[in-house]
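The values are calculated or read from the model by the stated rules, or taken from the named source; none is laboratory data. Predicted model only: the values in this text are computed from it and were never measured. For neighbour counting, all protein chains shown are included, and Cβ atoms are generated from backbone atoms with ideal geometry for every residue, glycine included. Heavy atoms of the whole protein, side chains included, go into the accessibility calculation; ligands, DNA and RNA do not. Shrake-Rupley method; radii C 1.70, N 1.55, O 1.52, S 1.80 Å.
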Amino acid sequence: MLSNLKIENIAIIESADLILDSGLNVLSGETGAGKSIIIDSISAVLGERTSKELIRTGAEKARVVAVFENISDSAKVILSELDIPENEDGSLLVSRVITRDGRNVCKINQIPVTVTILKQLGKELISIHGQHDSQNLLNPDCHYKFLDMMGDYDELYIDYLKKYTSYSELYRRFKTLSDNEEEKEKRIEFLKHEIQEIEDANIKLGEYDELCELRDMYRNSEKVISGLSKALSILSDTDDSEGVVTALFDVSKQLEHSAQHFEKLSNIHSEILDITYALSEKKDEIEDAIYECQFDPQKQQQTEERINLLYKLKGKYGETEEEILEYLEKAKTELNDLINMSNDRSEIINKLEHDKSLLLDAAEALCKARKHTASEFEVRVKHELEFLDMPNVEISTSFERCKLNPTGSDVIEFLISPNAGESLKPLAKIASGGELSRIMLAIQNVLSLRGNVSTMIFDEIDTGVSGSAAEKIAISLENVSKKFQVLCITHSAQVAAHADSHYLISKESHDEKTFTHVEKLDNFGRVSEIARIIGGVTVTELQRESAKEMLINSGKWKGIE
């Protein structure tokens, strides 16, 4: 369960620290106070997609820290696979920092992880149900997901998806071969031309840079030779004078004579002699360099032509020699595949027929499993809805064959008749807002029996519901909270009255800034907040008495404090 949530600089929340309890935790407050921001913060720390726009104005970064206790076995398995040790007290610390420059710093038990890993773990910690789920309920394309969450046939679906992916890839290759035979032949000739062009060039790694350096030397050979010649003339002897090397040998000889009478000069003599020999070697190297730099128009032209060829190839196949050679290998692979496809067309057709048979069998097995799950799903959801003040509801699941796709071979849609005598119709055409909220809660209650998470969050699941139906939703949430920790954002007095813990979300403005506060209410604070929900702006004593009576009837009144 989520035991502690710390939020810093998220939207209008500068700082908030929630210490949560087990059972049913309710968050209430005026519209715009920041209740949804708390859900956004929890989503962020669970690894869901977020944005730097979530960072509070004026702050450079936002931070969310969550502490979990008594985590599920599936969450422990993920920690083990990631080699992340558990804390000594069994708790789990998860944090995420979002910065203005778009960077995310995510940690699990102080060990840095990626957002993807955070999301993988988050799915095993908390299940969030809100308005997005209701939209999925109105979209038939998503109905199969509800059955799959309840059904125990993951292996069937994985097997179908592998066969579908394999068949689709093979079919695309077949279509390329059958529908574009002329284009394929053109492609083969084009690839052959490209391969020949690259192979004829006999490219060597690093050659282009070396050639450019050589070209630069050729283009500036006169300047280079002039400088080298002047340097050599200084070092070498002439008819009129000694060069630097000869002069240094003379210096060395003089020091050698002097060192015989003055011992300290021995080191100086030795060092100068070493320098003289080294300089003599460099003089020889300069002579060799002058020879190498002799201008050769033919070599310069060959160098220019080679550079132009490589430049042309770089423009067509890659910016570096490595990329050109990689392109060559890919072209060879593609050419080989195309030639093999031409040679093995009949083999591909036979394999397509074989794979399609296997795919249809897998699709049928998946369909049967979903239909079996749908029967159980309908009974359980109907039972839940009867409790939620929809006693005459009828629910059915429609299966219509469709073209094979990644989700299966059927269009699956939930049909409902909320009142006696009405025909079954799609949810989008018949369900009111209040009915949709109850249907969503009923489905989530059914699915919770299959879940691994220890915390469930319901974001305004009671929208559009009042009176007896709201009371039944409250009782249903309370029942769920006996197995899971439940967090519920609500505008319903009935739901608030059944909470084990009640938190008030409020905001205030000062110094031209807005601040959100989270306060856990005591017994009398709950009376005031429930009375506000009942009455609105002006709260009367009668409404306070009604609020107190609701707490007494739900068994949540704790007496005088």
Checklist entry - Which residues, counting only those in the stretch 238-269, are surrounded by 15 or more Cβ atoms within 10 Å (Cβ to Cβ) and in a loop (DSSP other than H, G, I, E, B)? => result GLY243
Item to check | Condition check for SER3: of a type outside the set (Asp, Glu), assigned to a loop (DSSP other than H, G, I, E, B), surrounded by fewer than 21 Cβ atoms within 10 Å (Cβ to Cβ) and modelled with pLDDT of 90 or more | outcome: no
Checklist entry - at pLDDT below 90, small (Gly, Ala, Ser) and within 27 Å of ARG56 (Cα to Cα), is that true of SER506? => result yes
Checklist entry - What are the residue pairs meeting all of these: first residue in the stretch 35-54, first residue modelled with pLDDT under 90 and β-branched (Val, Ile, Thr), second residue part of a helix (DSSP H, G or I) and crowded, with 23+ Cβ neighbours inside 10 Å, Cβ atoms under 9 Å, and 6 or more apart or on different chains? => result THR50/ALA44
Checklist entry - Taking the stretch 6-32 as the search range and keeping residues that are modelled with pLDDT of 90 or more and among the β-branched types (Val, Ile, Thr), which one is most open to solvent (accessible area, probe 1.4 Å)? => result ILE19
Checklist entry - For residues in the stretch 158-204 being at pLDDT 85 or above and acidic (Asp, Glu), which is surrounded by the most Cβ atoms within 10 Å (Cβ to Cβ)? => result GLU194
Item to check | Flag if ILE39 is β-branched (Val, Ile, Thr) and over 20 Å from the mean Cα position of the chain (by Cα) | outcome: no
Checklist outcome for this item: Counting only strands (runs of 3 or more DSSP E) entirely within the stretch 464-557, those with at least 3 residues that are surrounded by fewer than 14 Cβ atoms within 10 Å (Cβ to Cβ) are 501-510
Checklist entry - Take the residues of the stretch 33-60 that are over 17 Å from LEU487 (Cα atoms) and touching a helix residue (DSSP H, G or I) at 6+ places or on another chain (Cβ under 7 Å): which is least open to solvent (accessible area, probe 1.4 Å)? => result GLY47
Next on the checklist: I'd like to verify a number: residues in the stretch 416-440 that are over 35 Å from the mean Cα position of the chain (by Cα), modelled with pLDDT of 85 or more and of a type outside the set (Lys, Arg), how many?
Outcome noted: 4
Item to check | Residue in the stretch 395-429 that is surrounded by the most Cβ atoms within 10 Å (Cβ to Cβ), counting only those that are in contact with a Ser or Thr (Cβ under 9 Å, 6 or more places away or on another chain), outside any strand (DSSP E or B) and without any contact (Cβ under 8 Å) to a residue 40 or more places away in the chain | outcome: PRO418
Checklist entry - When you go through (1) out of contact with any Cys (no Cβ under 9 Å at 6 or more places or on another chain); (2) open to solvent by less than 50 Å² (accessible area, probe 1.4 Å) one by one for ILE225, which number turns out not to apply? => result (1)
